[in-house]
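One structure below.
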Amino acid sequence: MEPLAIIWFVAIALLWTGYLLLEGFDLGVGMHMIFSTRSERDRRVMLNTIGPVWDGNEVWLITAVAALFAAFSPWYAALLSALYVPLTLALLGLILRAVGIEYRGKVGTRVWATFWTYMIGLGSAAVAFFIGALLALTSIGLPIDGNGDRVGGPFAWLSWPALVGGLAVVGFALAHSATFLALKADGPVRRRASGFAVRWAPLCLLPLLVWIAMVQFEHGAGPAGWTVALLAVVSGGVGWAQARAGREGLAFTGYAGTGLFGLAAIFLAMFPVLLPSTIDSAFDITVQSAAHSTYTLGVLTVITVVALPVILCYQAWSYWVFRHRVTPGMIPEPHVILPAILRAEDAGRQV
Amino acid sequence: MDVVEIARWQFGITTVYHFLMVPLTIGLGAMVAVMHTAWVRSGQEKFLRMTKFWGKLYLINFILGVATGLVQEFQFGMAWSEYSRFVGDVFGAPLALEGLLAFFLESTFLGIWIFGWGRLRKGVHLAALWCAVIGSWVSAYFIIVANSWMQHPVGVELGEDGRPVMTDVWAVLTNNTALAAFTHAVFGALVVGGMFLLGIAWYHLWRRRHDGIDTVDERGHVIVGQAQDIPGRDRTDHGVWIWSLRFGAIVAMVGFLGTVVTGDIQGKLMYEQQPMKMAAAEAACHSGSSFSVLSLGNPGSTDCRDVTTLIEVPGVLGFLATGEWGVDMPGIRDLEPEYVDRYGETIPDDALYGDRAGAQIEYVPVMWVTYWGFRLMIGLGGIVAAAGAVALWLTRRGTVPGSRGLMRLALAGILAPFAANIAGWIFTEMGRQPFVVAPNPAVTGADSVYMYTQAAVSPGVTAGELLFSLISLGSVYGVLLVVEVYLLVRYTRGGVASAMPELIGQDDDDVDDPDGEHDDVLSFAY
């Protein structure tokens, strides 16, 4: 097998893992904003913990999808066209969440803020669920024919693996972001998030473990896959113990480790299959059958090897710059906009 | 409607909509970076206010561009899977490079810039904005490299399975079509940004005169005043708007000159690479060299008998296409048989293409779209450049005329370069039809690499799915456009104080606090 093709399989696995770990807490914070508090100030504390970094984190998704296209276009084409409806919903979620984060504070009325809170929360949930479904389906299988096209209509993707994968990423995002909020926020948000990380996080991580196990059985994984899967469980257990002990940094690391080892176990088990066909294993899309030319993969490799360390450095720097906890006292008053007009009758009152 | 038609509308609408935000992001972003640089270098208050005010509008627009750009990344695979499989070896690379080299830079550093006020040293904070702006320019470059490869496929040879395989990435990255189109698009974006500044600054200067803050002496020179009771409407405020206006006017004019030069280069490449597009731009049925200023006829027709040219300028077309006056250009009637000879009459008879297999191929693009798209782009661009010159002349004494009509015209003028940009893209994309990857008959080497749009659509996707995304994305886009415009108008009406709560006295935080270690109120927060 072409070594560059294997490198690109690993690169794509890393991009998805980076996305899950970084956007995991962004998406989770979005969902927590709906149900963990009713206080406007607390919601703003939550939003500002991810404020400076969420947009950069989202690029991991864009790059992961672009890398599918650049290195294995048959994988990209089959997976995305088969999931037309769920991906449309994920895109709607991405759009509403992004716009919501930026626009939420732009008008200082209660109704406006509440509306965008729901858009951010529901959008985050939709993204987490459908991206999770996408990853689960590509690891477990879709009804695709010899050309890589979906057979069975718009809802042929709707299956148990899709549901488990969707819940896995939603659950992981909730657990991961609870430890993130406990680490990055202060005041009531920190207290409630710590409580969530102890009380509910184990339940939230359960679907992820089910998905990992499903992939191991599906692909008849060897000892390596099971070992990494075990590490995911252990890491989650350690995270839980640390959360109970109130050690926020270690709790965050532990839960993040569940995601990291979880995806590693999944990609390890599915290799070299990229997208199994549930119709006939002869139709499976594999690293061998889908990889692009050595030349193209070589070009991509050279540029990635140069660029990725730089990206990791400046993203790490951005986390360093904004390393301080967000406290309720840091949140400024809502923005009042007075029209800069003298003779208008409404001067002095908010428009 | 059949699947291909819905898929094309779906792609066209989402892409054109995305491109409403993109040129403003690219043009305005660079201008805000210049303002910020001017502030850091000179320390003048007016440049700080300019940075804050225009930066706020920039961000309101930026986010919608990001959100709608995400859709682009997915829809090649979702709706155009055959296309993705065909071009994957070459087309995916610029997209991946765009993510790695542009989007990470843009998004990470914009986050640092937005939240970095008061937390970073001034120079570092400024550098973050420049990184973000450079990121958006680099992103424009890579996406245009990808698009230009579809217009002019280079750097590939046909593989064993009939699909192009990349052999020369340097040729792809330095594709002459890409370089011309990238510079053209960037200049076009500067026109958008320039006119945006001009229109809004005009409104504020007019407002100041209308409110009696600024007055004009007998020689027409401005006497700058201030309104004590309104935050931000002091003497510095006048400097903000007059500088913004004149800066915008100059950028718009320079941008237009740039689009003329690069557009001319593009025209000559187009004549060489896609002669049918050039002929369709002219609705030129028969060979000739006259540039038609106005043609009438049945707009939807691709039949030459339905088009009558009313006004023509002899010789110009040949110059546009080749650089020599009076050279004859091949017309649609002459080109069509050549295309049929080379590329056949029907879609290949393959089960993959379903009902579309064996369908007749129409080589003439929809002429009224190409014809009017071409003219709208050039005409509106010219109007903007003229507006810039007029604005510079009228504001030479330090303020705008008191006319309400002129103020409204300046505000309405903001829309013109947007329309020109959109018209240009619609022309260049629709003019490529019936190909999604256009063959270049007159250019050696790449002629055998082409793909019909009809053959590019996802075989497994149903019309219902495409309609679902067309309707759901379309309606969300519609609502969000209203929201964006509402916010832009609201913050514009608020003036500088809308972007600087410290002017209202709401926020007493020291913005320039260099150490950033204090646990104090954030100078920017969501």
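The values are calculated or read from the model by the stated rules, or taken from the named source; none is laboratory data. No experiment lies behind these values; they were computed from the predicted model shown. Here the Cβ positions follow ideal geometry from the backbone for every residue, glycine too, while neighbour counts run over all protein chains shown.
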Quick one: which residue in B:384, B:390, B:400 is in contact (Cβ under 8 Å) with a residue 24 or more places away in the chain and part of a helix (DSSP H, G or I)? B:384
Within segment B:18-29, is even one residue in contact with a helix residue (DSSP H, G or I) (Cβ under 9 Å, 6 or more places away or on another chain), surrounded by fewer than 24 Cβ atoms within 10 Å (Cβ to Cβ), within 13 Å of chain A (Cβ to nearest Cβ) and in a helix (DSSP H, G or I)? yes
Residues being over 14 Å from residue A:24 (Cβ atoms), within 14 Å of chain B (Cβ to nearest Cβ) and crowded, with 24+ Cβ neighbours inside 10 Å: count how many of those fall in segment A:158-184. 0
Leading residue by the ranking (surrounded by the fewest Cβ atoms within 10 Å (Cβ to Cβ)) among those in segment B:191-235 that are closer than 29 Å to residue B:417 by Cβ and of a type in the set (Val, Ile, Thr): B:222
Filter segment B:176-199 down to the residues that are touching a residue at least 60 places away in the same chain (Cβ under 8 Å), farther than 25 Å from residue B:411 by Cβ and more than 15 Å from the chain's Cα centre (by Cα) and list them by number. B:176, B:177
Scan of segment B:334-348 for residues that are out of contact with any helix residue (DSSP H, G or I) (no Cβ under 6 Å at 6 or more places or on another chain) and over 16 Å from residue B:451 (Cβ atoms), ordered by number: B:334, B:336, B:337, B:338, B:340, B:341, B:345
Tabulated pairs, segment B:112-134, first under 24 Å from residue A:101 (Cα atoms), second surrounded by fewer than 17 Cβ atoms within 10 Å (Cβ to Cβ) and of a type in the set (Gly, Ala, Ser), C-beta under 6 angstrom, 6+ apart or interchain: B:119/B:516
Verdict on residue B:495 being at positive phi and modelled with pLDDT under 95: yes
More than 10 Å from chain A (Cβ to nearest Cβ), within 24 Å of the chain's Cα centre (by Cα) and either over 23 Å from residue B:483 (Cα atoms) or in contact (Cβ under 8 Å) with a residue 60 or more places away in the chain (or both): which single residue out of B:39, B:54, B:80 fits that description? B:54
Restricting to segment A:80-93, and then to whatever is among the hydrophobic types (A, V, I, L, M, F, W, C) and facing chain B (nearest Cβ under 7 Å), can you tell me which residue is farthest from residue A:4 (Cα to Cα)? A:92
Evaluate the following for residue A:310: is it in a helix (DSSP H, G or I) and either within 8 Å of another protein chain (Cβ to nearest Cβ) or farther than 18 Å from residue A:16 by Cβ (or both)? yes
Total residues in segment A:94-110, condition out of contact with any Lys or Arg (no Cβ under 9 Å at 6 or more places or on another chain), touching a residue at least 12 places away in the same chain (Cβ under 8 Å) and within 10 Å of chain B (Cβ to nearest Cβ): 9
Take residue A:259 and decide whether it is within 28 Å of residue A:172 (Cα to Cα), surrounded by 21 or more Cβ atoms within 10 Å (Cβ to Cβ) and either modelled with pLDDT of 95 or more or not aliphatic (A, V, I, L, M) (or both). yes
Condition check for residue A:83: under 12 Å from the mean Cα position of the chain (by Cα) and within 30 Å of residue A:283 (Cβ to Cβ): no
Here the residues within segment B:83-134 that are basic (Lys, Arg), at the interface with chain A (Cβ under 7 Å from one of its Cβ atoms) and in a helix (DSSP H, G or I) are B:85
Can you go through B:31, B:21 and tell me which one is within 17 Å of residue B:248 (Cα to Cα), of a type outside the set (Lys, Arg) and touching a residue at least 12 places away in the same chain (Cβ under 8 Å)? B:31
Please go through segment A:320-345 and give me each residue that is in a helix (DSSP H, G or I) and exposed (fewer than 13 other Cβ atoms within 10 Å of the Cβ), ordered by number. A:320
Per the list (1) more than 10 Å from chain B (Cβ to nearest Cβ); (2) crowded, with 24+ Cβ neighbours inside 10 Å; (3) of a type in the set (Phe, Trp, Tyr), residue check on residue A:118 breaks on (2)
Given A:133, A:113, A:70, which one is under 19 Å from residue A:23 (Cβ atoms) and touching a residue at least 24 places away in the same chain (Cβ under 8 Å)? A:133
Sole residue being under 21 Å from the mean Cα position of the chain (by Cα) and at pLDDT below 95, chosen from A:282, A:269, A:316: A:269
Do you know which residues across segment B:33-50 are surrounded by fewer than 24 Cβ atoms within 10 Å (Cβ to Cβ) and not small (Gly, Ala, Ser)? B:34, B:37, B:39, B:40, B:41, B:44, B:45, B:46, B:47, B:48
Within segment B:189-214, which residues are part of a helix (DSSP H, G or I) and within 14 Å of chain A (Cβ to nearest Cβ)? B:200, B:201, B:203, B:204, B:205, B:206, B:207, B:208, B:209, B:210
Regarding residue B:97, is this residue within 23 Å of residue A:304 (Cα to Cα), aliphatic (A, V, I, L, M) and at pLDDT 95 or above? yes
Go through B:473, B:466 for me and flag whichever is among the hydrophobic types (A, V, I, L, M, F, W, C), in a helix (DSSP H, G or I) and either surrounded by fewer than 23 Cβ atoms within 10 Å (Cβ to Cβ) or in contact with a Lys or Arg (Cβ under 7 Å, 6 or more places away or on another chain) (or both). B:473
If you go through segment A:157-173, how many residues are in contact (Cβ under 8 Å) with a residue 40 or more places away in the chain and in contact with a Gly (Cβ under 9 Å, 6 or more places away or on another chain)? 10
Could you tell me which numbered condition residue A:288 fails, if it satisfies all but one of (1) touching a residue at least 60 places away in the same chain (Cβ under 8 Å); (2) more than 12 Å from chain B (Cβ to nearest Cβ); (3) in a helix (DSSP H, G or I); (4) surrounded by 22 or more Cβ atoms within 10 Å (Cβ to Cβ)? (4)
If I filter segment A:37-59 down to residues being crowded, with 24+ Cβ neighbours inside 10 Å and basic (Lys, Arg), which single residue comes out as farthest from the other protein chains (Cβ to nearest Cβ)? A:43
The condition of being among the aliphatic types (A, V, I, L, M), part of a helix (DSSP H, G or I) and at the interface with chain A (Cβ under 10 Å from one of its Cβ atoms) holds, among B:165, B:186, B:138, B:172, only for B:172
